[in-house]
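Engineer: Here it is, the structure in full.
The values are calculated or read from the model by the stated rules, or taken from the named source; none is laboratory data. Quick caveat: nothing in here was measured; it's all calculated off a predicted structure. Neighbour counts run over all protein chains shown; Cβ positions are idealised from the backbone, glycine included. Side chains included, ligands, DNA and RNA excluded: accessible areas come from the protein's heavy atoms. Shrake-Rupley method; radii C 1.70, N 1.55, O 1.52, S 1.80 Å.
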Amino acid sequence: MAETVLTARSVENLLGDWRAGGAAAYLALAERIRLLMLDGRIPVDTRLPAERELSERLGVSRTTVTAAYRHLREAGYLDSVRGSGSAARLPGARQAAAPSHDAGFLDFSQATTPAIPGLADDARAAVEELPLHLGGHGFDPVGIPSLREALAQRYSDRGLPTSPDQIMVTIGAQHAIALLARTLVSRGDRAVIEVPTYPHSYEALRAAGARLVPVGITPERDAAARADGVVDDDGSADDSADEADDLVQAISFSNPALAYLIPDFHNPTGRSMTVEARERILAAASRQGTIIVADETTAEMDIDRRQSYLPLAAYGDAVIIGSVGKTVWGGLRLGWIRAEAPLIRRLVANRSHNDLGTPILDQLVVKQVLRRMDEVLAIRREQLRVGRDHLEGRLAEAFPEWTVPHVNGGLATWVNLGTPVSSQLALGARAHGLIIAAGPRFGIDGAFERFLRIPIGYTPEETDRAVEALARSWAALGSHPVPDAPYLAAVV
């Protein structure tokens, strides 16, 4: 049974300009809906609107929608039951949201890196310590004391004095975001978000009942400022007054309960806020009683940013989310929340409704890793530098018409394609073995069709393969010739 029902208006917003590309209307509609399912914007088991309702909303004949739904059913993407409507599904195993690497696909939908060297040794050391913790029940809703002490000390070393009672260990950053949303947001409350942004953040806020207040981050603004000489090479503006003005205005006039921000190496744009912007936004939030939640999961993934920044809470009141999913390994599902002790106690009390705590063994592994975190970050810095430089070079050769920002940290670059074909490009790339998230995955209501997030943390060989797949898909769009580059000889 479908758990969620999409209205025709919601589907229209998600579709964006689905008619582009010259294909038959029913096929273009079916392919765009298929992409929305593949990248998670239409979750499995979501019920789509009735054919008549959707055709009226889109201004097309009912025959077009009927044919599109039939095409999706035949391809295994819809289940239709008379009297119950049509629900989204995925071909084959329902739990598989995308083709696996075993099927020959390269997954660039995740901006990530492989596990750090030596992680297996850290795990073995954690197993040796595990017997010391086997005497209790093992349900740990706040975090083992030694790990909380280590995390607090790391914040203190970075310039933000922190005590262990200000730390709560979670099952990754996404779990932390969802827990904060459930605890701090009541149904109908407003929540400010940057757009584009990390998609699971606004999904968690919506699930908590928040009304989203989007504030745009415009890459063109940074590009223009850099041309005028007011943007540093570290990716942050010397005068980021425009963006700070927008966020301050949104906080002041919408009176939100919460604002979710990514101040360092923003996902997906890569930008970093200036100190002035941080201070102004935090001051505005303090005046309104708005809680700032800062996602700092990539804050320490610096490549060559000229200026270093303190954790956001060093500039004013803020709740900080951290994790090791980006810096250490995505398979190590452990994150944390840094907040004042009274809020930590609220979170602990609210957590038991959904889970019983963070696995002890994972916590022991992370405690081992933290002992050599500076070494880990140095390894990551070099991996990302190599990956970024290689990607920038390949994209410049293959797609000279694209605008590729130079990022100084983080895990991805936010590429401007120059034309609103991101969804078509991403869908076409799947036919050539590449899974990549279209720009609208990072916005709401179908925005950002001119943009594509491309990860920088993959090996040069993987990056070459991804660029080749994008080149094939780009050429298949019809109006964009494949560039004359030696490593793309096989493509043309």
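Engineer: Quick one: count up the residues across the range 191-209 that are open to solvent by less than 10 Å² (accessible area, probe 1.4 Å) and of a type in the set (A, V, I, L, M, F, W, C).
Structural biologist: Adding up the residues that qualify gives 4.
Engineer: Moving to a separate point now. Any residue in the range 383-399 that's modelled with pLDDT of 95 or more: show its pairings with residues that are open to solvent by 30 Å² or more (accessible area, probe 1.4 Å) and assigned to a helix (DSSP H, G or I) at Cβ separation under 8 Å, as long as the two are six or more apart or on different chains.
Structural biologist: Val386/Pro460; Gly387/Pro460; His390/Pro460; Arg394/Asp464; Arg394/Tyr487; Glu397/Tyr487
Engineer: State the number of residues belonging to the range 283-297 that are buried (at least 22 other Cβ atoms within 10 Å of the Cβ) and in a helix (DSSP H, G or I).
Structural biologist: Within the range 283-297, residues that are buried (at least 22 other Cβ atoms within 10 Å of the Cβ) and in a helix (DSSP H, G or I) number 1.
Engineer: Another question about this same structure. Let me confirm something: among Glu468, Glu462, Glu375, which residue is in contact with a His (Cβ under 9 Å, 6 or more places away or on another chain), of a type in the set (D, E, K, R) and modelled with pLDDT of 95 or more?
Structural biologist: Going through Glu468, Glu462, Glu375 in turn, just one is in contact with a His (Cβ under 9 Å, 6 or more places away or on another chain), of a type in the set (D, E, K, R) and modelled with pLDDT of 95 or more: Glu468.
Engineer: Could you grab me the full set of residues in the range 347-361 that are part of a helix (DSSP H, G or I) and touching a strand residue (DSSP E or B) at 6+ places or on another chain (Cβ under 9 Å)?
Structural biologist: Step one: list which residues in the range 347-361 are part of a helix (DSSP H, G or I), which gives 347-351, 360-361.
Scanning the range 347-361 gives Leu347, Val348, Arg351.
Engineer: Mind checking which residues of the range 444-462 are closer than 26 Å to Thr327 by Cβ and touching a Pro at 6+ places or on another chain (Cβ under 6 Å)? Please lay out each step first, then the result.
Structural biologist: Step one: list which residues in the range 444-462 are closer than 26 Å to Thr327 by Cβ, which gives 451-462.
The one that is closer than 26 Å to Thr327 by Cβ and touching a Pro at 6+ places or on another chain (Cβ under 6 Å): Arg453.
Engineer: Turning to a different aspect of this structure: May I ask you to say which residue of Ala447, Ala426 is surrounded by fewer than 24 Cβ atoms within 10 Å (Cβ to Cβ), under 30 Å from Arg206 (Cβ atoms) and under 21 Å from the mean Cα position of the chain (by Cα)? Spell out the reasoning first.
Structural biologist: Working: Ala426 fails: surrounded by fewer than 24 Cβ atoms within 10 Å (Cβ to Cβ).
Step by step, each of Ala447, Ala426 is checked, and only Ala447 is surrounded by fewer than 24 Cβ atoms within 10 Å (Cβ to Cβ), under 30 Å from Arg206 (Cβ atoms) and under 21 Å from the mean Cα position of the chain (by Cα).
Engineer: Six or more apart or on different chains, Cβ atoms under 8 Å: show the pairs whose first residue is in the range 147-166 and at positive phi and whose second is of a type in the set (A, V, I, L, M).
Structural biologist: Close Cβ pairs (under 8 Å, with a partner that is of a type in the set (A, V, I, L, M)) amount to Gly159/Leu310; Gly159/Ala314.
Engineer: Could you go through the range 169-182 and let me know if any residue there is under 24 Å from the mean Cα position of the chain (by Cα), assigned to a strand (DSSP E or B) and surrounded by 15 or more Cβ atoms within 10 Å (Cβ to Cβ). Give the derivation first.
Structural biologist: Initial filter on the range 169-182 (under 24 Å from the mean Cα position of the chain (by Cα)): 169-182.
In the following step, the residues that additionally are assigned to a strand (DSSP E or B) were identified as 169-170.
This time we only want the ones that are surrounded by 15 or more Cβ atoms within 10 Å (Cβ to Cβ), so: 169-170.
Scanning the range 169-182, I find at least one residue that is under 24 Å from the mean Cα position of the chain (by Cα), assigned to a strand (DSSP E or B) and surrounded by 15 or more Cβ atoms within 10 Å (Cβ to Cβ), so the answer is yes.
Engineer: Okay, next question. Name the pairs whose Cβ atoms lie under 9 Å apart, with the first residue in the range 52-67 and over 19 Å from Gly16 (Cβ atoms), the second crowded, with 18+ Cβ neighbours inside 10 Å and among the polar types (S, T, N, Q), and 6 or more positions between them or separate chains?
Structural biologist: Correct list of pairs: Ser61/Ser55; Arg62/Ser55; Thr63/Ser55; Thr66/Ser55.
Engineer: Scan the range 366-407 for residues that are among the hydrophobic types (A, V, I, L, M, F, W, C) and either open to solvent by less than 10 Å² (accessible area, probe 1.4 Å) or in contact with a Lys or Arg (Cβ under 9 Å, 6 or more places away or on another chain) (or both) and jot them down. Quick ask: steps written out before the conclusion?
Structural biologist: Here is the first cut: in the range 366-407, the ones among the hydrophobic types (A, V, I, L, M, F, W, C) are 366, 369-370, 373, 376-379, 384, 386, 391, 395-396, 398-399, 402, 404, 407.
The answer is Val366, Val369, Leu370, Met373, Val376, Leu384, Leu391, Leu395, Ala398, Phe399, Val407.
Engineer: Same structure, new question: Checking Arg70 against (1) closer than 21 Å to Val421 by Cα; (2) modelled with pLDDT of 90 or more, only one condition comes out false. Which one?
Structural biologist: Arg70 satisfies every listed condition except (1).
Engineer: If the Cβ limit is 8 Å and pairs must be 6+ apart or interchain, which residue in the range 324-337 that is among the aromatic types (Phe, Trp, Tyr) pairs with which residue that is in a strand (DSSP E or B)?
Structural biologist: Trp336/Ile167; Trp336/Met168; Trp336/Val169; Trp336/Thr170; Trp336/Ile321; Trp336/Gly322; Trp336/Ser323
Engineer: So which of Ile144, Ile116 is within 30 Å of Arg465 (Cβ to Cβ) and aliphatic (A, V, I, L, M)? If you could, list the steps in order and put the result at the bottom.
Structural biologist: On the way: Ile144 fails: within 30 Å of Arg465 (Cβ to Cβ).
Step by step, each of Ile144, Ile116 is checked, and only Ile116 is within 30 Å of Arg465 (Cβ to Cβ) and aliphatic (A, V, I, L, M).
Engineer: Shifting gears a bit: Would you please name the residue that is nearest to Pro161 (Cα to Cα), looking only at residues in the range 329-346 that are in a helix (DSSP H, G or I) and open to solvent by 70 Å² or more (accessible area, probe 1.4 Å)?
Structural biologist: Pro342
Engineer: Another question, if that's okay. Report whether or not Ser186 is at pLDDT 95 or above, more than 23 Å from Phe448 (Cβ to Cβ), part of a loop (DSSP other than H, G, I, E, B) and not aliphatic (A, V, I, L, M). Write out each step before concluding.
Structural biologist: Numbers: at pLDDT 95 or above: yes; more than 23 Å from Phe448 (Cβ to Cβ): yes; part of a loop (DSSP other than H, G, I, E, B): yes; not aliphatic (A, V, I, L, M): yes.
The answer is yes for Ser186.
Engineer: Here is a follow-up. Name the residue that is most open to solvent (accessible area, probe 1.4 Å), counting only residues in the range 137-161 that are more than 18 Å from Leu364 (Cα to Cα) and part of a loop (DSSP other than H, G, I, E, B).
Structural biologist: Pro161
Residue-by-condition table, conditions (1) at pLDDT below 90; (2) surrounded by 15 or more Cβ atoms within 10 Å (Cβ to Cβ):
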site: Ala93; (1), (2): yes, no
site: Ala97; (1), (2): yes, yes
site: His101; (1), (2): yes, no
site: Asp121; (1), (2): no, no
site: Gly135; (1), (2): no, no
site: Ser163; (1), (2): no, no
